[in-house]
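The structure under discussion appears below in the form of structure tokens.
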Amino acid sequence: MDSPPPLSAIKDAKVLMVGAGGIGCELLKTLALSGFPDIHIIDMDTIEVSNLNRQFLFRQKHVGQSKAKVAREAVLRFRPNISITPYHANVKDPDFNVDFFKQFSVVLNGLDNLDARRHVNRLCLAADVPLVESGTTGFLGQVTVHLKGKTECYECQPKPAPKSYPVCTITSTPSKFVHCIVWAKDLLFAKLFGDKAQDNDLNVRSGNASTSDHTEDVFERRKDEDIEEYGRRIYDHVFGYNIEVALANEETWKNRSKPRPIYSKDVLPERLIKQNGNMDSASATDNPSSVSAMASLGMKNPQEIWSLMENSKIFLEALKLFFGKRGKEVGNLSFDKDDQLAVEFVTSAANIRASSFGISLHSLFESKGIAGNIVHAVATTNAIIAGLIVIEAIKVLQKDARSYRMTYCLEHPSKKMLLMPVEPYEPNKSCYVCSETPLSLEINTHRSTLREFVDKIVKAKLGMNLPLIMHGSALLYEVGDDLEEDMVTNYAANLEKVLSELPSPVTSGTLLTVEDLQQELTCNISIKHREEFDEEKEPDGMVLSGWTPAPAVEKKDENHVDNGVGTSKNITNAEQVETNEDLEIVPADIETPAEKKRKLSEISNNDGLGTSRVAAKANNHSKVQDLDDDDDVVFISGGDSDPSKKRKLH
């Protein structure tokens, strides 16, 4: 296949791609066909069966192999004269430091998680290398350009950190189907088939039941106990007895609908009789992940919503198959969205619990999407976004700053446009990453430990990998391979101390300096002591702030029809796609374009958005994150900064 000679800006370019999944496959192909001569790829993942429908460089024979290496081999077959260097590694590994990044002309991101994106953004800032970011989810996509000191960095607009539900919501008072999924996947499945030694309390947390003798050994299978008897005993305990215990706490149900206990004898005959199926058909292949309770029971449609009786049959059949067909794995299993039997078990358990609490039931297909954190990918969107990445990369290499665009791919046309170009904005002066603005942390300094501060703030919210924490000249904590043994011991001891009892006490008014030497990032955090926190709204027991809240975007025309830029309910409805934030599983990082982010003159005098999902999402200050490559979802809600304070780059 012949191609035109590459542009002069491309001929000497050395490009780093991070991610070789859905976007990465399309991007590598497009870079190669566009004439880029020297491409480096970092990806830590191996190829899975679920990748094959859209990651077209891979085939069935490649399952289990490195994505980066296989992608290289596939592209070299039709572009043998270019150089492609693969790294089967994590981009956060120490080898990929600032000096490594400095060798590249531009970095192109095709990642699927917020943590890695932030890490690459910081390395690009430290190395002063341009970054082209991207993301897709369903029919939505975005490409953004980031240059140090000239445009917003990736973190200039806050990316909401994941939240989690309080344990009591999951175990005692579920109100959404996702709560039932989390209970079935992270508690019940783990208790029955995972590590028995793990701390996993499935007893309802009421006043006198959490240590009841009745439940002490309920999950241990008795000697010579028939597997169906064991299954029914588990069923009756988690769906019947535990609900009755919960109902005994009348205070809990004063303002809530009461659940109903469900016992197997009320739903199923005394002995199950399978129809239209058999246990042999449950495992038509030698692959344990293909064993199926649906096949055993003769059920075929994964998009059908099962009745309570059908869910109960699937529950008992799946448990029977785990112990009968996969007994050697029991005790070491963890949930896998590609494990058919695991998905069937979790779906049935979640539906039975949902039935008890008056929550709508869901199909296996829907439940798999929620449990596996899946937002179904569209290959065409990946191809469009990959093309836009290359276009912006060429502009960057040509140093054509006036032509840079952040481009959003929409699901439905707006004024006959599916691609919305937006001029980049100057850096946000309030950004703690590129402008070093101090942050503020409300925390109970008498109860919270340094470990909690490190885990919940420094690592989870600030995204630092190798943090160093200082109070004035006192070093409170440090990570590194070259530390002396006595220093490691001292830092380990500090982790378990509450902040106010550290060698250099941290109290209200303290200014902490937190640094990541690998990312070459430093930020200051002002500590403010606070006694109490709302367990439901502030489950971390601490609140980090430093961003100016965004005002609501003014609606310009309330008569416009919704153009559906927010795509479908699968993107905006927490119960539909629920990754982790009130476990509100919302895709996390595709920023929805708001009207404030472009010149109307560049598109039309009236952009036709009106009160469409674009405006609605701007109103809600929500962000969507790339969920394509490996179906990682985060439960997210978020904010945007004041658009009136932002200036376009000229």
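Coordinate-derived values only; no laboratory data. Bear in mind the structure is a predicted one, so any value in this text is a computation, not a measurement. Heads up, the Cβs are rebuilt from the backbone with ideal geometry, glycines too, and the neighbour counts pull from every protein chain shown.
Under 19 Å from a label point set 7 Å out along the Cα-to-Cβ vector of residue 301, the amide N atoms of segment 324-344 belong to 344.
Annotation note: trypsin sites (Lys or Arg not before Pro) in segment 299-346 located in DSSP loop regions with a Cβ neighbour count of at most 12 within 10 Å are 300, 328. Calculated from the alpha-carbon coordinates, segment 308-416 shows an Rg and a Dmax of 22.7, 66 Å respectively.
Exceedance of the 28 Å cut-off in Cα-Cα distance is limited, within the set 92/337; 429/456; 67/150; 176/497, to 67/150; 176/497. Restricting the calculation to Cα atoms, segment 409-505 shows an Rg/Rh of 1.23 when the hydrodynamic-style radius is the Kirkwood one. Extension gain for residue 531 to residue 489 (0.36 nm times residue separation, less C-alpha to C-alpha distance): 12.1 nm.
Note on segment 447-494: the alpha carbon radius of gyration divided by the globular reference 2.2 N^0.38 Å gives 1.14. For segment 1-102, the alpha-carbon radius of gyration amounts to 1.08 times the rule-of-thumb value 2.2 N^0.38 Å expected for a compact globular protein.
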